[in-house]
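Reviewing the structure listed below.
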């Protein structure tokens, strides 16, 4: 069977569902054929009240699966303390619901610092996480946090995890989960004066320099291992949670090529970019053909890879009132990556408006972080040459419409050295890849 997250919920349809294409309103996973009218007519333009109601309904569905008593039994066995579970259905500022995880507080009877129960959003049709991916993400985040305990990186301590339906890993909780330390601080929004931003980035540079002291020999994501606590296994996913786990990889070129190839296969399987499959295919075929531009920058790295926080938009950084970093959270998609990706321009220093608009540039924050890294290690500062890796992994950002994806496509071509208008490049690309059977099938399907 083809690689799929879910099968279409429509009766008698055996097609794979579109990834991130589920509907929370009618609670179905839908394929490329049935995701649009006349088959699917749910109005996705929700006002604030309707959106909140939808999220609260999702939380209630997820909470109905969680056995609080089983959680407390496990926590007591790990801590020796009695506890209660504090759930919340708050939505918006201050909510414990993240983009892909729900959280509840574990409160102890003696008043000691609370823990967090972290549960992937398996009750959301829109997020759409299959059990196989959830299992890998949970195990990987646990292994990553366990590894970080032996470093100076201020990450939360992981106390335990559970995998639903997996014998000794189940614990009777009803869902897959992590138990972890609840760190102090507020998520950094990227706001502040220039001096305050520089202080956060200086603290981040120190953390990245600590990461650089712990190289790995393969690219992938960490998983638990009996003898070494953790080992590098398959890459958990990408930051959009659209890919299945793949790897590990011995070299940078194979690592980068794997991402592009997965996107190509999903485009051909009508699971991604269903509104503009030919254009999307051309972009990711181009990226696959140009991974050497990324890999060549790490040719002198002797096969070293370094842990990277993949979903590093800035809100993964916790700060206190004086803009000191108190912690780095949300490590579920972390992976070991080539040096230039680990320490080069990333989302945390990007101008997200410019990134989404297709503007190719190194930002002021890119330059500040590079300068702070240079104070600690000239080799790390040398990684901030351009934003190739940032553009490679941002890709077309799962944009549903070509009008929004086209600026991203043009930015990718630009950063990889193409000086042509999109229309001109597209015409030449169609000829260049004329012998590509998958592209020909897409062209026939769009004709």
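The values are calculated or read from the model by the stated rules, or taken from the named source; none is laboratory data. None of the values given here were measured: they were computed from a predicted structure. Counting neighbours? That spans all protein chains shown, and the Cβs are built from the backbone with ideal geometry, glycine included.
Yes or no, residue by residue, for (1) modelled with pLDDT under 95; (2) in a loop (DSSP other than H, G, I, E, B):
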{"position": "142", "(1), (2)": "no, no"}
{"position": "153", "(1), (2)": "no, yes"}
{"position": "160", "(1), (2)": "no, no"}
{"position": "168", "(1), (2)": "yes, no"}
{"position": "171", "(1), (2)": "yes, yes"}
{"position": "175", "(1), (2)": "no, yes"}
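Test residue 90 against the stated conditions and say whether it is closer than 29 Å to residue 329 by Cα, touching a strand residue (DSSP E or B) at 6+ places or on another chain (Cβ under 7 Å) and not assigned by TED's automatic domain parsing to the domain that holds residue 399. Give the derivation first.
On the way: closer than 29 Å to residue 329 by Cα: yes; touching a strand residue (DSSP E or B) at 6+ places or on another chain (Cβ under 7 Å): no; not assigned by TED's automatic domain parsing to the domain that holds residue 399: yes.
Criteria not met by residue 90.
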Q | Yes/no for residue 96 being within 23 Å of residue 331 (Cβ to Cβ), assigned to a helix (DSSP H, G or I) and assigned by TED's automatic domain parsing to the domain that holds residue 175 | A | no
Q: Select, from 192, 203, 220, the only residue that is more than 17 Å from residue 135 (Cα to Cα) and not in a loop (DSSP other than H, G, I, E, B).
A: 203
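Consider the range 26-45. How many of its residues are out of contact with any strand residue (DSSP E or B) (no Cβ under 9 Å at 6 or more places or on another chain), surrounded by fewer than 17 Cβ atoms within 10 Å (Cβ to Cβ) and under 12 Å from residue 126 (Cβ atoms)?
Summing the residues that are out of contact with any strand residue (DSSP E or B) (no Cβ under 9 Å at 6 or more places or on another chain), surrounded by fewer than 17 Cβ atoms within 10 Å (Cβ to Cβ) and under 12 Å from residue 126 (Cβ atoms) in the range 26-45 gives 2.
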(Q) Take the conditions surrounded by fewer than 17 Cβ atoms within 10 Å (Cβ to Cβ), in contact with a strand residue (DSSP E or B) (Cβ under 9 Å, 6 or more places away or on another chain) and at pLDDT 95 or above and apply them to residue 225. Does it pass? (A) no
Q: Give the residue, chosen from 29, 51, 102, that is under 24 Å from residue 168 (Cα atoms) and under 24 Å from the mean Cα position of the chain (by Cα).
A: 102
Q. Which one of these is on the phi > 0 side of the Ramachandran plot and more than 24 Å from the chain's Cα centre (by Cα): 395, 445, 435, 417?
A. 417
Q. Would you say residue 63 is touching a residue at least 60 places away in the same chain (Cβ under 8 Å), under 21 Å from residue 138 (Cβ atoms) and assigned by TED's automatic domain parsing to the domain that holds residue 171?
A. no
Q | Boolean, residue 341 is more than 27 Å from residue 181 (Cα to Cα), touching a strand residue (DSSP E or B) at 6+ places or on another chain (Cβ under 9 Å) and free of Cβ contacts under 8 Å to residues at least 60 places away in the same chain | A | yes
Q | Subset of the range 52-109 (residues that are in contact with a helix residue (DSSP H, G or I) (Cβ under 7 Å, 6 or more places away or on another chain) and within 15 Å of residue 176 (Cα to Cα)) | A | 102
